[in-house]
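Only the coordinates and a few stated rules stand behind these numbers; no lab work does. These figures come from a predicted structure and were not determined experimentally. Don't worry about glycine lacking a Cβ; one is built from the backbone with ideal geometry, like all the others, and counts go over all protein chains shown.
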Amino acid sequence: MLIRFNVKNFLSFSEREDGKTEEFSMIAGKVRSKREHIYDNSKLKMLKFAAVYGANASGKSNLVKAMEFMQRTVLFGLPEGHTDKYCKISEDNKEKESYFEMEIMLGEKYYAYGFEVILNQSKFVSEWLVELTADNKENLIFSRDIKNGVYEFGSTVKTKGLIDKLDVYAEDIQEDSSVLLLLIMNKNKKTLYQQYEGASVFQDVYQWIRKGLDINYPDRPISDYSYMAETENVEEICRFISAFGTGITGFKMVEVPVEKVLGHLPKGIRDDLVSNIEKKVVKMKNDEEESKFGIVMRSNRDFFILDMDKEDEIVCRTIKFSHGKENILFNLSEESDGTVRILDLLEVLLAGEGKTYVIDELDRCLHPSLTYKFVDTFLQLAAQKNIQLVVTTHESRLLDFDLLRRDEIWFVNKRKTGESDIYSLEEYNARFDQKIDKAYLEGRYGGVPVFSTVFPIKEEV
């Protein structure tokens, strides 16, 4: 689960006046109501939901982009176009380090992983991983001062045999400012993790960033509908779908001719796709993939699952929906935008323990009442399991103390100079009987548009 995220010198986030990073936190505040909304293990109290508000271009989507940038950098290295991502409000920022750090909970332990990078020069400056303890101490796992070619490992990984291996990996990239050690430690190191239990922290942190953090944008489907393809509890899914007023009463997995999906593709793309299916099937047989099926394709809003049968022949399936009559089925492309959005979001409600979803513009294509109901449903389910949802939204109906705690509401506001600030409603200590949505729309907490007159109206003489 996500505890905190810190960022500096990235897109519209520069730095605080005291030089500190912008911070988004899922640590619960002093609010006493709705305790079922929080995770509490007597050492740490964490929120399971947070809504981030802000005017258009205020920077709330940049918070999501910053999280994804860190995720992609850890998994694949610096992404294309990174040299231009520093905060351009000040020319000095071009030569300054950008800062990214996540604090996460894994099992009963807490970790902080982060790095600094000069984006315009594609140079990592530092990298660190520490274990955080309940008494506010830090146990070093590793740190790298890349600029000076210095690295250090903590006592927790200085076990016989393991430290010799770690020294070799660290020395190989001692002065290499283009790579992260956490990424190197998760490339072809299966044998290492089998031999040394103490090395598992490198894998655990990496895998949470890879699979535990699920980041989504309005122009991308949230779900690949694996929850429908793999589930044995069709009735539960239908109950959810029906509860949101979609009119859908059932769904079925239906085989479709492979030629219908692949026939219109250029030969080169088709061959690559077949090759990828074969590779994924091999991985599944080796128990390296959690998914029980092959490749998911989206085409004109429909989706298709491409797999291989026992005879190694490619088969294609899709999911179709019924509205009352079971013998009349509809494709996904025939459903409304709002229904498709709900079907995407259902994955969040059906997700397992320990996952953190981040969704930009939750309310896209949704009626205000439907957005409210979705959040309410999530909070009810989250009371029974450890799962988190962070959303950006404009939907003021969620600003309701009957639904949310004060510390679950966040704002991103853009200063006159152009930098974005992140802050929680907790800082305002709003009364619980206050009409928070009205106060927000009046601009009391920032994060709303400031309009100027484009065509001045002449006063009557």
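Here the chain yields Rg over Rh of 0.99, to two decimals, using C-alpha coordinates and the Kirkwood radius. From the residues THR417, THR377, LEU399, which one has its Cα farthest along the dipole of segment 377-421 in the positive direction, the dipole being from +1 and -1 charges on Cβ of Lys/Arg and Asp/Glu about the Cα centre? Farthest along the dipole direction, towards plus: THR417.
Only the Cβ atoms of Lys and Arg (+1) and of Asp and Glu (-1) were treated as charged; on that basis the dipole of the chain about its Cα centre amounts to roughly 620 debye. Size check on segment 299-397: the Cα extents along the three principal axes, sorted descending, read 50, 30, 24 Å.
Rounded to the nearest 20 debye, the dipole magnitude of segment 28-75 is 220 debye, with +1 charges on Lys and Arg beta carbons, -1 on Asp and Glu beta carbons, and the Cα centre as origin. Just from its helices, what would the mean residue ellipticity at 222 nm be for the chain, if runs of 4 or more DSSP H residues each count -39500 (n - 2.57) and the sum is divided by every residue, rounded to the nearest 500 deg cm²/dmol? Calculated at 222 nm, the ellipticity per residue is -7500 deg cm²/dmol. Here the Karplus relation 6.51 cos²θ - 1.76 cosθ + 1.60, evaluated at θ = phi - 60°, turns the backbone of segment 147-158 into coupling constants of 4, 9, x, 10, 9, 8, 10, x, 5, 5, 10, 8 Hz, with x for every Gly and Pro. Count the net charge of all other residues whose Cβ sits under 11 Å from the Cβ of LYS30, scoring Lys and Arg as +1 and Asp and Glu as -1. Net charge in that neighbourhood comes out at +2. Long hydrophobic helices in the chain, taken as whole DSSP H segments with a C-alpha length of 15 Å or more on their own axis and mean Kyte-Doolittle hydropathy at least 0.0: 60-76, 337-350, 368-382.
Separation of the alpha carbons by more than 22 angstrom is noted, of LYS123/LYS190; LYS165/LYS189; LYS30/LYS416; LYS30/LYS414; LYS34/LYS60, for LYS123/LYS190; LYS30/LYS416; LYS30/LYS414; LYS34/LYS60.
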